[in-house]
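Worksheet for the structure shown next.
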Amino acid sequence: MAAILVFLTMLFSALFYFGSPLNMVGAWEAVDQLSFLYYLVTIYSVVVASDIVAGEFTWGTVKLLLIRPWTRTKILVSKLLAVLLFTVLMTAVFLLACIAVSFLLFPNISSGIFPEGPGAFGMIMEDLLYRYIDLLVITIFSFMISTVFRSGGIAIGLSMFILFAGGLFTMLFHPLRYPWAKYMLFVNMDLGKYRGGQIGPAGMTLGFSAAVLGVYVIAFLVIAWLVFKKRDVAA
Amino acid sequence: MAQEPVVRIQNVTKRIGSKVLIDRLTLDIPPGQVFGFLGPNGAGKTTTIRMMVGLMSITKGDILIQGASVKSDFERAISAVGAIVENPEMYKFLTGYQNLLHYARMSPGITKERIMEAVERVGMQHRIHDKVKTYSLGMRQRLGVAQAILHRPKLLILDEPTNGLDPQGIRELRDYLRVLAKEEGATVFVSSHLLSEMELMCDTVAVIQHGRLIDVKTLGKENDAADRPQETAFEVDAPERALRLVKEGRLEGNHLIVTADRSATAEINTKLVLAGISVYGIRVLTRSLEDQFLEMTGGGQID
């Protein structure tokens, strides 16, 4: 998995390298360009989260897991922690690969977009943080579906749907037209749009969106926990 | 029995929707025994076991394992238990050893030596480092037993453990369970619908049907009671004449069946022989567990 990620990072940076006029693209700009590949990390995380609980049910190993001297809550929490560790690890691998490849191929010059020096790094990190929050929300959603429906397929499918149809939903149910729409998950997913103190449609702010996302995440976790705790494990 | 029971199933009811799967089941399991749990398909054996190990919630009542409630003190109750519920499902992409290691990490104080000891107990040392997907059903069953005994449980719960084992495997398992019960002082709780199997394996058998406890029987005491009158069949060449001569019992084909103790059996035999009736065979009709079981469950219908 990590290997594919690193390979694609190298592939695309090479494409940028040969596709752009020489010495015009700075290294930080290249990192920024490559960040769309972070979708891959999101997909990996969703796949892992979708299977980590559902897989145990499919294999039947959940029976042997639940008869150890640990409460179900602890088992579910350890599963969640494993997923979170995976997302952090993948994000780190991605970031390192991006920076390493970019600085190998492109000169460290200032360009139109980024000022030279640590400012660029800060902006990249801020962007990555927003993307990571996006990833977390979808991954935890996938984790919940995996726990509730015990089916990895449904979890992957629904999460991908949210990931890619989110923009469409935002267009259909625009907060300006429907006041309730600003509480929808999709509309709040992209925190990057508030960058530099911008205000979203219908008076949405960074704090508002963050709070809405937080409530969704907590709701997902509580649902997963309740279902996992109460479930009768048969067959 | 003076000893504190290992398991106390107290008035347990399990309801799913309007269907009552287990109806006010109360059962104490004494320590150090191989305890059989017998019932036709659908009687509620697996449901009871699932409730004992916390895989299913208990609608009413409680189950205590070594005094700890499965409901409210799960971690303490379950730490004394090793179990296989139905088929032992393992991670197929791992080796047998890796599977055991995974489960060992989830219980405190299991050393690598203990894992290998458990492996040797079930005779898997030659294949333990192969992937589980290459194992036969019997080998998976053995690995399941190894997994269940890793942490030296006080109570070993096995749900239909002989399913899919060949005769040799069944025999080994049987002997092994006896050893466990004797040497490690573990109590073994085995469920099965195979009556003959239970007869050979268990000290005590509880019979359950339609979610209700029907009977608890202690086995292996029949042989001591040789002096007690028992139904005895005489195979003779002239059954009617034999019946007139003996003046009791009944006929079944060319068998005369009389209730008699040992000396009476000898007397009847002398009488028959002196009257010129050929006696081809005499045998005591022990009612097997199977007969008793079918009698108790009335043939057994699933509904």
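Within region A:187-207, is even one residue in contact with a Gly (Cβ under 8 Å, 6 or more places away or on another chain), among the polar types (S, T, N, Q), without any contact (Cβ under 8 Å) to a residue 60 or more places away in the chain and surrounded by 12 or more Cβ atoms within 10 Å (Cβ to Cβ)?
no
Looking at (1) surrounded by 21 or more Cβ atoms within 10 Å (Cβ to Cβ); (2) within 27 Å of A:VAL148 (Cα to Cα), which is the one condition that is false for A:TRP28?
Of (1) surrounded by 21 or more Cβ atoms within 10 Å (Cβ to Cβ); (2) within 27 Å of A:VAL148 (Cα to Cα), only one is false for A:TRP28: (2).
Any residue at all in region A:79-87 that is under 30 Å from B:ILE157 (Cβ atoms), at pLDDT 90 or above and assigned to a loop (DSSP other than H, G, I, E, B)?
no
Hey, among the residues in region B:82-105 that are of a type in the set (A, V, I, L, M) and part of a strand (DSSP E or B), which one's nearest to the other protein chains (Cβ to nearest Cβ)?
B:ALA83
Only one of (1) surrounded by 15 or more Cβ atoms within 10 Å (Cβ to Cβ); (2) without any contact (Cβ under 8 Å) to a residue 40 or more places away in the chain; (3) assigned to a strand (DSSP E or B) fails for B:LEU251. Which number is that?
So B:LEU251 meets the others, but not (1).
Looking at region A:51-62, I want the residues that are facing chain B (nearest Cβ under 9 Å) and surrounded by 19 or more Cβ atoms within 10 Å (Cβ to Cβ) and have a partner that is part of a loop (DSSP other than H, G, I, E, B) and modelled with pLDDT under 90 with Cβ atoms under 7 Å, at least 6 apart or on another chain. Which pairs are those?
So the pair list comes out as A:THR61/B:GLU89; A:VAL62/A:VAL233.
Within region B:58-81, which residues are assigned to a strand (DSSP E or B) and not basic (Lys, Arg)? Give the derivation first.
Applying the first criterion (assigned to a strand (DSSP E or B)) to region B:58-81 yields B:60-65, B:68-69, B:81.
Scanning region B:58-81 gives B:GLY61, B:ASP62, B:ILE63, B:LEU64, B:ILE65, B:ALA68, B:SER69, B:VAL81.
Hey, could you check region B:24-41 for residues that are surrounded by 16 or more Cβ atoms within 10 Å (Cβ to Cβ) and touching a Gly at 6+ places or on another chain (Cβ under 9 Å) and say which is farthest from the other protein chains (Cβ to nearest Cβ)?
Checking each candidate, the answer is B:GLY32.
Would you call A:VAL41 buried (at least 21 other Cβ atoms within 10 Å of the Cβ), under 18 Å from the mean Cα position of the chain (by Cα) and modelled with pLDDT of 85 or more?
Criteria met by A:VAL41.
Go over the candidates B:ARG8, B:ARG50 one by one and state the one that is within 14 Å of chain A (Cβ to nearest Cβ) and either touching a Phe, Trp or Tyr at 6+ places or on another chain (Cβ under 9 Å) or of a type outside the set (Ser, Thr, Tyr) (or both).
The unique qualifying residue is B:ARG50.
Determine if region B:87-108 includes at least one residue that is within 22 Å of B:MET198 (Cα to Cα) and either surrounded by 15 or more Cβ atoms within 10 Å (Cβ to Cβ) or out of contact with any Gly (no Cβ under 7 Å at 6 or more places or on another chain) (or both).
Looking through region B:87-108, at least one residue is within 22 Å of B:MET198 (Cα to Cα) and either surrounded by 15 or more Cβ atoms within 10 Å (Cβ to Cβ) or out of contact with any Gly (no Cβ under 7 Å at 6 or more places or on another chain) (or both).
Pick from region A:208-235 the residues that are touching a residue at least 12 places away in the same chain (Cβ under 8 Å) and within 14 Å of chain B (Cβ to nearest Cβ): which of them is nearest to B:LYS45 (Cα to Cα)?
So the first thing to find is which residues in region A:208-235 are touching a residue at least 12 places away in the same chain (Cβ under 8 Å), and the list is A:208-210, A:212-213, A:216-217, A:220-221, A:223-225, A:227-229, A:233, A:235.
Adding the requirement that they be within 14 Å of chain B (Cβ to nearest Cβ) leaves A:227-229, A:233, A:235.
On the way: A:VAL227: 25, A:PHE228: 24, A:LYS229: 23, A:VAL233: 15, A:ALA235: 13 Å.
The qualifying residue nearest to B:LYS45 (Cα to Cα) is A:ALA235.
What pairs come up if the first residue lies in region B:106-123 and is within 14 Å of chain A (Cβ to nearest Cβ), the second is part of a loop (DSSP other than H, G, I, E, B) and among the aromatic types (Phe, Trp, Tyr), and their beta carbons are under 7 Å apart, counting only those six or more places apart or on different chains?
B:MET106/A:TRP70
The values are calculated or read from the model by the stated rules, or taken from the named source; none is laboratory data. Everything quoted here is computed from the prediction, not taken from an experiment. Note that each Cβ is placed from the backbone with ideal geometry, even for glycine, and that neighbours are counted across all protein chains shown.
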